[in-house]
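Have a look at the structure below before the remarks.
The values are calculated or read from the model by the stated rules, or taken from the named source; none is laboratory data. Quick caveat, the model's predicted, so the values are computed rather than measured. Please note: Cβ atoms are built from the backbone with ideal geometry, for glycine as well, and neighbour counts cover all protein chains shown.
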Amino acid sequence: MRARSGAERVTNVELFFDLVYVFAVTQISHYLLAHPTVTGALQAGLLLIMIWLVWADTTWVTNWLDPERIAVRLLLLGLAVAGANSAAPAATGTALKTTTTDGTTVLTNAQGFTLYSFAPDTPTSSKCYGSCAAYWPPVTGTAAGQGLPGKVTTITRTGGSHQLTHNGHPLYTYIGDTAPGQARGNNLDLNGGLWHEVPASR
């Protein structure tokens with residue numbers, strides 16, 4: 001238990017998590033500014049609730065347990081990871097398809113939702129985690145038997161899941177797309193970089 005001796009000093013661990021949550025809230029506000037619609041507001045509200053629940057859990061832990069102890073730090077990390085996973089489910093359904101949008105043939109997932117690439121990514125690693133992956137769920141699965149133009153492979157994400165790539169670009173969907181055939185995420189500058197729909201021929 002955390003020692004109680006009058007005024008308590010705020011630890012570096014607590015300050016770090018406060019900064020993380022402030023950053024997450026600013027990212028949600030950026031998303032809402034980019035999508036000033038009822039759907040955008042509902043999606044932003046849902047993400048905000050998830051972030052608040054994780055913040056409440058970590059605050060309770062640090063109020064009662066000493067965050068300077070290694071075991072408590074590991075518990076806090078576990079809470080943060082669990083919260084990020086609940087807020088950012090991977091886009092499952094491994095069958096990739098193509099569709100034509102505005103004269104361009106692009107990749108979609110099995111449900112027909114447009115797939116995107118993230119400019120800061122590399123052919124072997126994704127740079128989109130946490131709040132970024134909440135907006136842009138990674139497409140996970142197996143690369144076998146896709147039958148698409150170009151080369152479809154996978155990379156291993158932190159946590160062990162396998163994310164599909166196309167010609168060296170890790171693939172994502174976008175929560176702003178609410179129906180198949182939409183491409184609201186194309187050319188957006190969000191979460192630290194530019195996003196582009198993935199042409200089937202690239």
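See the values below:
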read-out	value
Hey, Gly150 in contact (Cβ under 8 Å) with a residue 24 or more places away in the chain and not aliphatic (A, V, I, L, M) or not	yes
Of all residues making up the range 55-69, the number that are outside any helix (DSSP H, G or I) and at pLDDT below 70	3
From the options Thr158, Thr154, Thr140, residue that is over 18 Å from Thr98 (Cβ atoms) and surrounded by fewer than 16 Cβ atoms within 10 Å (Cβ to Cβ)	Thr158
Residue in the range 183-196 that is among the acidic types (Asp, Glu), within 30 Å of Val54 (Cβ to Cβ) and surrounded by 13 or more Cβ atoms within 10 Å (Cβ to Cβ) present	no
Flag for Pro149 being modelled with pLDDT of 95 or more and either touching a strand residue (DSSP E or B) at 6+ places or on another chain (Cβ under 6 Å) or in a loop (DSSP other than H, G, I, E, B) (or both)	no
Pairs where the first residue, in the range 8-20, is under 15 Å from Ile51 (Cα atoms) and the second is crowded, with 18+ Cβ neighbours inside 10 Å and modelled with pLDDT of 70 or more, C-beta under 7 Å, 6+ apart	Phe17/Thr58
